[in-house]
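Beneath this line is the structure, given in structure tokens, with notes to follow.
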Amino acid sequence: MDKHTDALVGQPNRRGYSRIETSLFTVFKHKAKRNDDSPPQIGYTRDITPTGIYFYTQTKTERGDNVFLSIHLSADWAGVGMPPKLEGEGKVLRVENAARILPLDDFSGVAVQLNQELALST
């Protein structure tokens with residue numbers, strides 16, 4: 001297990017993988033609501049690992065929520081069709097006020113543990 005100091009939070013990293021800092025557009029739905037007519041929610045990633053993702057959102061999200069995520073890999077897609085994305089499901093482990101990190105008071109930071117590896121969708 002990688003025990004390096006995590007520069008993002010200044011604490012020892014208890015995870016098995018190093019975080020990759022990246023800002024990617026993220027669409028998510030609470031799993032119980034995935035097939036209903038409610039609109040998907042939006043956010044953007046702070047970092048990602050093979051087992052989890054941390055993202056910012058203005059949407060009310062609670063610890064223990066199950067979510068379906070769609071992470072868009074390119075904002076400037078020039079290929080044919082829709083840009084590629086990573087999709088998967090996970091459980092919200094932590095929700096924190098992002099005001100200490102972002103200059104916006106109404107954003108939350110959401111940590112999600114993935115149920116399995118993200119799948120590439122093209």
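All of the numbers you see were taken from the coordinates with simple rules; none came from a lab. Owing to the predicted nature of the structure, the values given are computational and were not obtained by experimental measurement. For neighbour counting, all protein chains shown are included, and Cβ atoms are generated from backbone atoms with ideal geometry for every residue, glycine included.
So here's what we get for this one:
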quantity	calculated
Dipole in debye (nearest 20) - region 19-121, about Cα centre, beta carbon charges: Lys, Arg +1; Asp, Glu -1	200 debye
R0 of 35 Å, Cβ-Cβ distance Arg63-Thr122: FRET efficiency to nearest 0.05	0.60
Asn97-Ser74 pseudo-label distance in nm [points 7 Å out on the Cα-to-Cβ vector]	4.0 nm
Surrounding net charge for Gly109, when Lys and Arg each add one and Asp and Glu each subtract one, Cβ distance under 10 Å	+2
Pair-distance profile P(r), taking every C-alpha pair of region 19-121, with 5 angstrom steps and integer %	2, 13, 23, 26, 19, 11, 4, 1, 0
